[in-house]
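Structure first, commentary second.
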Amino acid sequence: MPRRSELSISKRTVDMLAVEGKDTTFWDRELPGFGVRVYPSGSKIYIVQSRGPVGIKRVSLGRHGDVTPEQARKKASAAITRIKKGEDPVARPLPALTVAQLAERYLEAHVMVHCNAHTQGIYKGSLRNHILPALGTLPLDGVGRAEVAALHYELRETPRAANRALMVLSKMFSLAEAWGVGPRDGNPCRFVQRYKEGRRERFLTEDEYRRVGSALCELEAEGPVSARAAAALRLLMLTGCRLGEIQTLRWSDIDRKAGEIRLRDAKTGARMVPLTPAALEVLAGIKRVRRSPWVITGSKPNRHLATLTSHWHRVRARAKVEDVRIHDLRHSFASRALALGLQLPMIGRLLGHTDVSSTARYAHLSQEAEKVAAARVGGSIEDDILRMESAAAHAGADGMTPVEAA
């Protein structure tokens with residue numbers, strides 16, 4: 001270890017140091033291991049020396065004049081700590097992390113751990129289609145508000161996709177800060193304003209339901225729509241479930257005795273879906289594939305049906321409801337429930353909503369149903385009032401009281 005010294009390293013003392021014959025090291029009295037090596041030529045180099053798990057290590061900290069004594073002292077203190085831990089005495093700067101590298105860690109450490117399969121697919125698609133092509137090669141410090149705003153603006157024609165990309169990117173940068181690898185200026189997404197998303201509302205009418213039912217039967221009989229796809233579409237209409245919940249439905253999720261589906265990994269967590277006699281009949285008609293856990297099996301062994309899109313397009317074309325999406329079947333379920341007098345909290349439970357705001361989007365339909373009900377009640381009362389008024393007028397003409405006339 002370096003010998004104790006009475007020298008306090010400062011600019012004034014180091015400027016005064018000089019040697020002849022051979023180079024000499026002068027150690028600081030305040031920080032053991034910190035010193036300055038003085039050469040006969042007049043050159044002076046700050047050094048640090050300390051013992052760690054693998055022995056003694058000595059490191060140069062910089063030339064006097066290029067480095068101040070205060071800077072050298074701070075470097076020496078950090079180097080001593082690292083040496084005692086068995087680490088590299090000099091902290092090497094990490095290579096700049098790119099957005100693509102952060103995305104890889106985000107998917108592995110967050111999305112694959114905390115999100116279900118459906119949400120994983122959405123986030124991966126946003127990264128693959130929008131974020132990485134625009135920003136993937138940039139270092140994190142190279143992504144500022146301008147770059148994020150430009151990406152968001154580029155997607156302005158599809159506000160939902162633009163806002164999702166902004167949300168995914170913001171979460172990535174928030175996690176980067178938590179992991180200690182975030183950009184110097186913080187999350188660049190925090191000041192970018194989201195676009196307003198116009199909610200698309202399309203509900204099947206009674207006549208359209210009948211046309212869809214007929215088209216489904218015809219196309220299943222003719223062959224363009226497979227039996228398993230037809231069963232999946234009928235279950236979507238009869239239960240109000242999300243597409244992914246029916247696609248990934250397992251036989252073990254179904255309790256026929258209790259008359260319910262027990263979803264273990266729904267979008268909002270585990271939930272129960274009541275089964276009507278019609279839904280139970282659809283399930284009873286599905287041929288179970290040996291050794292497959294899936295109710296709606298795919299063409300590949302041991303896989304569930306990957307997509308219903310092409311089947312639904314055939315059905316809606318035949319039924320002449322080309323503007324109806326598969327997800328609109330879920331909205332139509334809620335609309336019919338409201339028409340039958342169910343209240344919003346009950347509909348929220350049937351749809352598996354955990355946030356009342358998700359069900360609140362149907363509030364205007366509830367108000368319309370209330371108006372219709374009020375009109376029926378008011379119309380009934382109006383009939384009685386008019387009948388009484390008519391009787392009173394008739395009685396007055398005959399000289400009788402309204403009660404006598406009635």
(request) Take the alpha-carbon centre of the stretch 104-157, take the same for the stretch 40-62, and report the distance between them in whole Å. (result) 46
(request) With percent of Cα pairs over 26 Å apart in mind, check (i) 72; (ii) 57; (iii) 54 and report the label derived from this structure. (result) (i)
(message) Per DSSP helix of 4 or more residues, -39500 (n - 2.57); summed, then divided by the residues of the chain. What does that give at 222 nm, rounded to the nearest 500?
(response) -14500 deg cm²/dmol
(request) Take every DSSP beta bridge with both residues inside the chain and express the antiparallel ones as a percent of the total, to the nearest 5. (result) 95
(request) Once you have a ≥ b ≥ c as the square roots of the Cα gyration tensor eigenvalues for the stretch 87-188, tell me rounded if a/c is under 1.5, and otherwise prolate or oblate according to whether a/b is larger than b/c. (result) oblate
(request) Select from Thr248, Ala279, Ala232 the residue farthest towards the positive end of the dipole of the chain; place +1 on Cβ of Lys and Arg, -1 on Cβ of Asp and Glu, and compute about the Cα centre. (result) Thr248
(request) For the pairs Lys196/Lys300; Lys171/Lys300; Lys11/Lys57; Lys171/Lys196, note any where the Cα-Cα span goes beyond 29 Å. (result) Lys196/Lys300; Lys171/Lys300
(message) Only Cα pairs within less than 10 Å get springs; with that Gaussian network setup on the chain, which residue of Val168, Val192, Val36 has the largest fluctuation?
(response) Val36
(request) Would you mind telling me which residue in Ser126, Ser50, Ser380 has the biggest mean-square fluctuation in a Gaussian network model of the chain, where springs connect alpha carbons within a distance under 10 angstrom? (result) Ser50
(request) Given the options Ser77, Ser299, Ser252, state which has the largest fluctuation in a GNM of the chain using a 10 Å cut-off (strictly under) for Cα springs. (result) Ser77
(message) Please state the shape class of the stretch 206-361: rounded when a/c is under 1.5, otherwise prolate if a/b exceeds b/c and oblate if not, all from the C-alpha gyration tensor.
(response) oblate
(request) Can you find, among Ala178, Ala162, Leu151, the residue farthest towards the positive end of the dipole of the stretch 96-206? Put +1 on the C-beta of Lys and Arg, -1 on that of Asp and Glu. (result) Ala162
(message) Checking the cross-link filter: which aspartates and glutamates have an alpha carbon closer than 16 Å to that of Lys124, excluding same-chain neighbours under 8 positions apart?
(response) Glu104, Glu108
(message) As a test, work out the antiparallel percent of DSSP beta bridges whose residues both lie in the stretch 1-74, rounded to the nearest 5.
(response) 90
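Throughout, read-outs are computed from the coordinates displayed, never taken from laboratory work. What you are looking at is a predicted structure, and each value in this text was computed from that prediction instead of being measured. Note that each Cβ is placed from the backbone with ideal geometry, even for glycine, and that neighbours are counted across all protein chains shown.
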